[in-house]
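The values are calculated or read from the model by the stated rules, or taken from the named source; none is laboratory data. Predicted, not measured: the structure shown is a model, and the values here were computed from it. Each accessible area value is taken on the protein alone, full model and side chains, heavy atoms only, with ligands, DNA and RNA left out. Shrake-Rupley method; radii C 1.70, N 1.55, O 1.52, S 1.80 Å.
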Amino acid sequence: MTVYLNGEFMPIAEARVPVMDRGFLFGDGVYEVIPVYSRRPFRLAEHLRRLASSLAAIRLDPPLNDADWARIIERIVAAADFEDQSVYLQVTRGPMAVRNHAFPKIVTPTVFVMTEPLVTPPAELRERGIKAVSAADNRWHRCDIKATSLLANCLLRQRAVDHGCAETVLFRDGFLIEGAASNIFVVKDGVLLAPIKNHLMLPGITYDVVLELAARHGLPTQVRDVLEDETRNADELWMTSSTREVLPIVTLDDKKVGAGDTAGRPGPVFKRMHGWYQEFKQSVMRGG
Ligand code: PDD
């Protein structure tokens with residue numbers, strides 16, 4: 001697989017980063033994961049905009065402009081031998097001479113891009129839904145930055161895996177925040193509820209797509225603080241991310257989501273959203 005590292009394209013096995021890199025020693029860097037369908041990056045401009053805000057938030061000058069990023073991504077995508085891809089890009093504050101928390105006087109960022117096959121959720125998973133556990137959100141207060149220091153997220157995601165689940169839903173002070181690596185939506189009485197973007201959650205690109213599709217198709221939506229109680233009593237719960245798209249959560253902490261016929265099963269609003277999402281993806285891929 002061809003990757004990009006600091007100005008050069010090379011096979012992944014040849015890509016090397018110094019051990020004094022601040023990304024390695026401190027997790028001092030930011031990243032993006034961009035889905036690519038039929039070799040076309042999805043929502044590239046939005047991902048690059050979020051990268052720019054992450055870089056600004058950690059006080060790192062942009063190493064490349066959007067046109068350069070687009071060219072690099074295009075070449076990495078073209079070199080891969082799979083059609084649907086998940087492009088990963090990362091910028092760290094680069095190597096330092098001695099280990100020191102404070103920034104080096106002269107920063108030479110490390111810029112890395114790779115791609116992996118994108119395996120979108122199979123129909124069977126969508127029809128069955130996924131299980132989730134909950135946890136108190138013990139991350140820092142700048143979760144709006146897409147930082148590579150993901151230890152808390154890794155521990156929280158592993159908690160789900162340890163319980164035979166696919167995601168951990170995070171609550172803070174009685175409110176729904178997001179998932180360990182996804183955003184979370186609630187459906188109650190036919191209304192889509194989405195937590196307001198703030199410093200405690202990642203502003204998801206898929207989250208925006210879902211809200212745009214809801215508006216376009218007239219699905220009543222409220223973007224507001226969502227209570228933990230409302231989440232636990234939801235008719236439907238969804239998780240969204242660039243790699244998982246939109247997936248229905250059918251149990252939370254072993255309790256079935258929803259009531260009546262669809263309890264513990266994907267709900268009708270999810271099915272509509274999934275249809276709109278696939279239709280939208282197709283139209284974008286056709287250049288529409
Ligand atoms: N994660 N919240 C968190 C904490 C995330 O890590 C992610 C995505 C999202 C969803 O954002 P988006 O829709 O832009 O993918 C929300 C990526 C996929 C990852 O870390 O691999």
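From the phi angles alone, apply the Karplus equation (6.51, -1.76, 1.60; θ = phi - 60°) to segment 237-252 and give each ³J(HN,Hα) in whole Hz, x where the residue is Gly or Pro.
Working through the residues one at a time gives 10, 10, 10, 9, 6, 4, 9, 9, 6, 10, 10, x, 8, 9, 9, 10 Hz.
Can I get the semi-axes of the chain's equivalent ellipsoid? Compute them from the C-alpha gyration tensor as square roots of 5 times the eigenvalues, in angstrom, largest first. If you can, show how the numbers build up before the last one.
Details: eigenvalues 227, 101, 55 Å².
So the three semi-axes of the chain are 34, 22, 17 Å.
For the chain, take the longest principal axis of its alpha carbons; what is the angle in degrees between that and the long axis of helix 66-79, to the nearest 10 within 0 to 90?
It works out to around 80 degrees.
Where does helix 268-285 land angle-wise versus the long Cα axis of the chain, in degrees 0 to 90, nearest 10?
40
What accessible area per residue, rounded to a whole number of Å², is obtained for segment 123-285 using a probe radius of 1.4 Å? Walk me through the intermediate numbers first.
On the way: 7170 Å² over 163 residues.
Each residue of segment 123-285 exposes 44 Å² on average to a 1.4 Å probe.
Residue 118's amide H: which non-local residues (gap 5+, or another chain) put their own amide H closer than 5 Å, with H modeled 1.01 Å from N in plane and none for Pro or chain starts?
Excluding prolines and chain starts, which carry no amide H, the hits are 84, 85, 86.
Between Rg and the Kirkwood Rh of segment 194-261, both from Cα atoms, what is the Rg to Rh ratio? Walk me through the numbers before you get to the answer.
Values: Rg = 12.8 Å, Rh = 13.3 Å.
Taking Rh as the inverse mean 1/r over Cα pairs, Rg/Rh reads 0.96.
Tell me the relative contact order for segment 2-117 as a rounded percent, counting alpha carbon contacts under 8 Å between residues six or more apart. Show your work: numbers first, answer last.
Working: 184 pairs, mean separation 44.1, N = 116.
Answer for segment 2-117 is 38 percent.
For segment 77-151, what's the radius of gyration and Dmax over Cα atoms, in angstrom?
For segment 77-151, the Cα-based Rg and Dmax read 18.6, 54 Å.
Given the whole protein assembly as supplied and a 1.4 Å probe, what does the accessible area of residue 201 come to in Å², nearest 10?
Around 10 Å² of this residue is reachable by solvent.
Pull up all non-local amide H partners of residue 219: gap of 5 or more, or a different chain, and H-to-H distance under 5 Å with H placed in the peptide plane.
Those lying under 5 Å, H to H, from residue 219: there are none.
Mind checking which aspartates and glutamates have their Cα closer than 18 Å to the Cα of residue 188? Skip sequence neighbours fewer than 8 apart in that chain.
178, 225, 228, 229, 230, 235, 236, 261
Quick one: 3J(HN,Hα) in Hz for segment 146-153, Karplus 6.51/-1.76/1.60 with θ = phi - 60°, rounded, Gly and Pro as x.
After applying 6.51 cos²θ - 1.76 cosθ + 1.60, I find 7, 8, 6, 6, 10, 4, 4, 4 Hz.
Would you mind pulling out the separation of the Cα centroids of segment 213-288 and segment 96-173, in Å?
About 21 Å separates the Cα centre of segment 213-288 from the one of segment 96-173.
Helix 205-216: angle to the longest alpha-carbon principal axis of the chain, degrees 0 to 90, nearest 10?
Result, in degrees: 40.
Just to be sure I follow: if Rg is taken over the C-alpha atoms of segment 2-117 and Rh is the Kirkwood radius over the same atoms, what is Rg/Rh?
With Rh from the inverse mean 1/r over Cα pairs, Rg/Rh is 0.98.
Once neighbouring chains are kept in place and the probe is 1.4 Å, which whole percent of the accessible area of the chain is contributed by carbon and sulfur?
Numbers: 7480 of 13860 Å².
Carbon and sulfur: 54 percent of the exposed surface of the chain.
Length gain on complete extension for the stretch residue 75 to residue 272, per 0.36 nm per residue less the alpha carbon to alpha carbon distance? Display every interim value, and only then the final one.
Values: separation 197, 0.36 × 197 = 70.92 nm, distance 3.55 nm.
Going from the current span to full extension adds 67.4 nm.
Restricting attention to the alpha-carbon atoms of segment 137-288, what are Rg (one decimal) and Dmax (integer), both in Å?
Here Rg and the maximum Cα pair distance are 15.0, 44 Å.
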